[in-house]
Amino acid sequence: MVVVSMILLTGCSQAAVVTDTNDQKDEGPNTSFIGKWQRTANYANGELVNTASSITTFKDNGTYMSVGTCSVTGTFGYDHEKNTLITTIGSSNCPGPIGAGYVSSWQYQITEDGSKMTMNTAAEGVTVTETFIRIE
């Protein structure tokens, strides 16, 4: 299950295109995931499983890239009202069962000052939480 959580979003290198499902612009700290983030921890069912860093960048032109120990490319859309990112993996060289076509829904929360983000998803019976600090 640890491999599942690492591949889902930030354990690897990912690139993606954004589809804005609400025709809204990023406004305020609760929806401003655009920027560069460093992952600080990864949890499975509330237990710390990984502190390996990865760098995730969400660009305002619709690209998303996360650089870690392997690479994944894909696409994502978002729903500002629900603070949800939906990712779809296009290709992956990461070990484990998750590959092309895998879709996951992430609830995200950003601190009021915009400096920290937490993302949560559930997969294969495991609740995965990843924490980030903004670096740009």
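The values are calculated or read from the model by the stated rules, or taken from the named source; none is laboratory data. Values in this document were obtained by computation on a predicted structure and should not be read as measured data. Heads up, the Cβs are rebuilt from the backbone with ideal geometry, glycines too, and the neighbour counts pull from every protein chain shown.
When residue 100 is tested against (1) part of a loop (DSSP other than H, G, I, E, B); (2) modelled with pLDDT of 90 or more, just one condition goes unmet, and that condition is (2). So which residues in the stretch 91-107 are under 25 Å from residue 32 (Cβ atoms), buried (at least 17 other Cβ atoms within 10 Å of the Cβ) and not aromatic (Phe, Trp, Tyr), if there are any at all? The one that is under 25 Å from residue 32 (Cβ atoms), buried (at least 17 other Cβ atoms within 10 Å of the Cβ) and not aromatic (Phe, Trp, Tyr): 104. Would you mind stating whether residue 35 is in contact with a helix residue (DSSP H, G or I) (Cβ under 8 Å, 6 or more places away or on another chain) and touching a residue at least 60 places away in the same chain (Cβ under 8 Å)? Taking the combined requirement at face value, the residue does not satisfy it. Taking each residue of the stretch 103-120 that is on the phi > 0 side of the Ramachandran plot and looking for partners that are surrounded by 14 or more Cβ atoms within 10 Å (Cβ to Cβ) with beta-carbon atoms closer than 7 Å, six or more apart or interchain, yields 114/29; 114/32; 114/134. A count restricted to the stretch 103-136 and to residues that are modelled with pLDDT under 85 and either assigned to a strand (DSSP E or B) or under 15 Å from residue 50 (Cβ atoms) (or both) stands at 1.
On the basis of being touching a Ser or Thr at 6+ places or on another chain (Cβ under 7 Å) and buried (at least 20 other Cβ atoms within 10 Å of the Cβ), does residue 110 make the cut? Here the answer is yes, as residue 110 does meet what is asked. Tallying residues that are touching a Gly at 6+ places or on another chain (Cβ under 8 Å) and small (Gly, Ala, Ser) within the stretch 83-100 yields 4.
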